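Participant: For reference, the structure I am asking about is given below.
Since every read-out is calculated from the coordinates, none of them should be taken as a lab result. Here the structure is a predicted model, which means the values were calculated and not measured. Here Cβ is always computed from backbone atoms with ideal geometry, including for glycine, and neighbour counts include all displayed protein chains.
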Amino acid sequence: MTLRTVYVNGEYVPENEARVSIFDRGFLMADGVYEVTSVLGGKLIDFDGHAVRLQRSLDALDMANPISKEDLLEVHRELVRVNEVDEGMIYLQITRGAPGDRDFAFPDPDTTEPTIVLFTQKKPGLADSPAAKKGIKVISIEDIRWGRRDIKTVQLLYPSMGKMMAKKAGADDAWMIEDGFVTEGTSNNAYIVKGNKIITRALSNDILHGITRASVLRFAREAQMEVEERNFTIDEAKDADEAFITSASTFVMPVVEIDGVALGDGVPGRVAQRLREIYLEESLKKAI
Ligand code: PLP
């Protein structure tokens, strides 16, 4: 097995030599943020959007950014190069560092440096995904996450449990419901299509401001498709013509079943398929 080269606090090291302290607040308190950037044809998709959201997450948590945007791009590119990633993703995590003792209070940023880690994951067939041809099945579950879902933190236990609930039910993912309305998927934004209208929840603290969401909605509007940003219920979703999700690692992925109810003909919808094509085509043009 070839060992990946990963990036830890300024150094490129083989994955089996990478070390983070047991006192790291990411490990002890989930006091950290992350980003996932996809790689297609060896190039980075939507890098700029991910870098901007990373800064937003850090600012929201009053956490220092240990790396400039230019250097971050360089690290991404170097990891893609040395690990020979053609299709896949780059995971980035920044935590508040390791003060040496466990304490609820944040450590002094002058004496405790943030921890930064990046690694690659190869995913051959990411763009030409069999799941995208078949569509995925989702179940609905209650959204019991915290109230700042717009910050991309590493506290992913409930989304992870949601994914397991879906698997147990023979589905692929879960859509979360709060006060009767769908918030988002465990690791993606959720959409329905009625007629030719694309409906998705508006941005707020209740959902992650997906980078793929922003691009997809822009491309949809440019293609004269109608977009409505509003809440929708799971019953409205089950009654929709189509549904889909978006994320950096799935792009646009059709949903063909919700809680056992087939949508439309039970196959990927026309709008979702078209949006996937447009997204892949346009994002590849701008990939760096
Ligand atoms: N919503 C949640 C909860 C997520 O975890 C993610 C991605 O990880 C998304 C939405 C999609 O965001 P993006 O398109 O930036 O990957």
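Participant: Given an 8 Å cut-off on Cα distances and at least 6 residues of separation, report the relative contact order of the range 172-288 as a percent.
Facilitator: Reported as a whole number, the value is 24 percent.
Participant: Let me ask something additional. May I ask for the equivalent-ellipsoid semi-axes of the chain, computed as the square root of five times each C-alpha gyration tensor eigenvalue and listed largest first in whole Å?
Facilitator: Working through the eigenvalues yields semi-axes of 33, 22, 17 Å.
Participant: Determine the sum of side-chain charges near residue 55: Lys and Arg each +1, Asp and Glu each -1, restricted to other residues whose C-beta is under 14 angstrom from that of residue 55.
Facilitator: Here the charged neighbours net out to -3.
Participant: Further question on the same structure: How much net charge surrounds residue 7 when only other residues with a Cβ under 13 Å from its Cβ are counted (Lys, Arg +1; Asp, Glu -1)?
Facilitator: Overall, the nearby charge balance is -2.
Participant: Let me ask something else. Just to be sure I understand the model, the point goes 7 Å from the Cα along the line to the Cβ. What's the resulting residue 70 to residue 21 distance in nm?
Facilitator: Once both label points are built, they end up 3.0 nm from each other.
Participant: Quick one: dipole size for the range 1-106, taken about the Cα centre, charges +1 on Lys/Arg Cβ and -1 on Asp/Glu Cβ, in debye to the nearest 20.
Facilitator: The dipole of the range 1-106 has a size of about 120 debye.
Participant: Also, I was wondering about something else. Quote the relative contact order of the range 183-230 in percent (integer), defining contacts as alpha-carbon pairs under 8 Å separated by 6+ residues.
Facilitator: It comes to 42 percent, rounded to a whole number.
Participant: Still on this structure, I have one more. Relative contact order for the range 87-215: what is it in percent, counting Cα pairs under 8 Å that are at least 6 residues apart?
Facilitator: 20 percent
Participant: If you don't mind, there's one more thing I want to ask. When a/c is below 1.5 the answer is rounded, else prolate if a/b is larger than b/c, else oblate, so apply that to the range 187-288 with a ≥ b ≥ c taken from the square roots of the Cα gyration tensor eigenvalues.
Facilitator: Prolate is the answer for the range 187-288, as a/c is 1.5 or above and a/b outweighs b/c.
Participant: While we're looking at this one, here's another question. Using 0.36 nm per residue, how much length does the chain from residue 221 to residue 48 gain when fully extended, once their Cα-Cα distance is taken away?
Facilitator: Computed gain between residue 221 and residue 48 is 60.2 nm.
Participant: Right, another one. At what distance in angstrom do the alpha carbon centres of the range 268-288 and the range 101-127 lie from each other?
Facilitator: Centre-to-centre (Cα) distance: 31 Å.
Participant: Sticking with this one: Residues with beta-carbon under 11 Å from that of residue 231, excluding residue 231: net charge, scoring Lys, Arg +1 and Asp, Glu -1?
Facilitator: So the surrounding residues net to -4.
Participant: Going through the cross-link list 43/238; 69/197; 122/152; 133/194, which pairs have a Cα-Cα distance over 30 Å in this structure?
Facilitator: Result: 43/238; 69/197 exceed 30 Å.
Participant: Something else now. Past the 20 angstrom mark, what percentage of all C-alpha to C-alpha distances in the range 1-84 do you count?
Facilitator: Roughly 43 percent, once rounded to a whole number.
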